[in-house]
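Values quoted throughout were computed directly from the atomic coordinates according to the rules given, and no laboratory measurement underlies them. The structure presented is a predicted model; accordingly, all values stated were derived computationally and were not measured. Here Cβ is always computed from backbone atoms with ideal geometry, including for glycine, and neighbour counts include all displayed protein chains.
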Amino acid sequence: MRNGVFRTGPDSTYADGDDSTWMEVDWPALQRPLELLGRRVNVLDTGGTGPPLLFLHGWSSNWQIFLLSIPGFMHTHRCLALDLPGFGASDMPSEPISIQGYAKTVDAMCDALGVETVSVVGSSMGGFIGAEVALSFDTRVERLVLVSAAGLSTAEIARAPSLALARLLAAGFPYTQRVERTVVRRPRLRRAAMQWVFRYPERLSPALAYELVVGFGRPGFVPALKALLEYSYRDRLARIEIPVLIVWGRNDLLVPVGDAALYQQLIGDNARVEVFEDTGHVPMVERPTRFNELLRGFLAGQEAPEAGVEAVSGGDEAAA
C-alpha cells in the first residue's frame, strides 16, 4: 500500500546520514544576503576552489533540505545554495513569483558570485527551476540532477494535502516556532505532519526535522504553488543536451514516480533514472549515503548500469 498502510518499517539505511556531521558545520558563517534583481536573497556559499555545485530547494522548503548532502561535498566542491525568494530568509521578489523568475534569480546569483558554469541539484520545484535554468541560460549548467522534480504532473500536486496546508497558512493559521518544536519532538506528530513528504518521518531526528519544517508559512507558499502549477516546459525538454541524472523515491506521494521515466523520455539519451525503493519525496534526506554516492559518481562522469526506466514502470502498483 501507499505511505502508511502495511509498511514493514525502514531498513538500516533509511536516514543513515542523520548524525552529528551536519551539526558540526558553522552554517551561519557560510550565509550572507545578496542583492539580486532588486531584492535581498539569502545565499549559502562554502567557498573554495572546487567546481561549483548548486543546490535548489523545492516548494514549502528552504536550503536546509540539503543539510545531509552539502557536508559530503563542501571539501571537494564550492557548494552553493539559496533560499528562493519568498522562502527561508529571502525577501519576496519584486515581480510575481514564476519559474522563469526563479531561473533569472539563479542566473543573477551566479553572476554576482563570479560563477560561470555550475552543476545543479534541484529537489521538487527546485528541479523544475534547475531545468528551466538549463533551458533559458544554456551555457550556465554543466550537469543537472532532478530529484523528484515537479514540472510534468500537476494534478497530483494540486490534490495533495500540502495545498490545503498552504491555504491555511496564507489565511493566517498560527504555525509558529512553538508549534514546529512540538511537532518535531514527538514521533507520532512528526508522522502525522510529514508523512506526505517522507516515507518514515518518525525516523528523522528532532533536530533535523525542525530544520526541515522551519520554512513553513513563508509568504512565497501560495504564489509559488500557483507558479509551478501553471507553467509548462514539456515541449522544450529535448533541448537539454547536458548529462542529466533523475532520482526518485518509489513511494513519492507528491510527484508520481512515473514522472521519472517521462522526464527521461522527454529529455533523451543524455538522461538516466535511479529509483530508490521504500523512499518518499526526498531521497537525499531519506537515503543520504546512497544519494551522495550516486551524486559523487555522476559529477565525476561515471555511468551507472542500465536500470532506471524499467524500474519506474507499473503505474499505481509502483507506488504500493
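Of the GluC sites (Glu not before Pro) in the range 210-292, which ones lie in a loop per DSSP and count no more than 12 other C-beta atoms within 10 Å? Write down the numbers at each step before the final one.
On the way: sites: 211, 230, 241, 274, 277, 286; in loops: 241, 277.
The qualifying sites are 241, 277.
If you take the square roots of the eigenvalues of the alpha-carbon gyration tensor of the range 1-131 and sort them as a ≥ b ≥ c, do you get rounded (a/c under 1.5), prolate (a/b over b/c) or oblate? Could you put the intermediate results ahead of the total?
Details: a/c = 2.06, a/b = 1.38, b/c = 1.49.
In terms of gyration-tensor shape, oblate.
Per residue of the range 110-121, in order, report the coupling 6.51 cos²θ - 1.76 cosθ + 1.60 (Karplus, θ = phi - 60°) as ³J(HN,Hα) in whole Hz, putting x for Gly and Pro.
4, 4, 5, 9, x, 9, 7, 10, 8, 8, 10, 10
In the range 23-91, which chymotrypsin sites (Phe, Trp or Tyr not before Pro) fall in coil by DSSP and have 12 or fewer other Cβ atoms within 10 Å?
Values: sites: 55, 59, 63, 66, 73, 87; in loops: 59, 73, 87.
Counting only loop positions with at most 12 other Cβ atoms within 10 Å, none of the chymotrypsin sites (Phe, Trp or Tyr not before Pro) in the range 23-91 qualifies.
Between the alpha-carbon centers of the range 201-257 and the range 1-80, tell me the distance in whole angstrom.
If you average the Cα positions of each part, the centres end up 14 Å apart.
Which of the peptides 131-141, 29-39 is most tightly packed, and how do the rest follow, judged by the mean count of other Cβ atoms within 10 Å per residue?
Values: 131-141: 19.3, 29-39: 14.5.
So the peptides 131-141, 29-39, ranked by packing, come out 131-141, 29-39.
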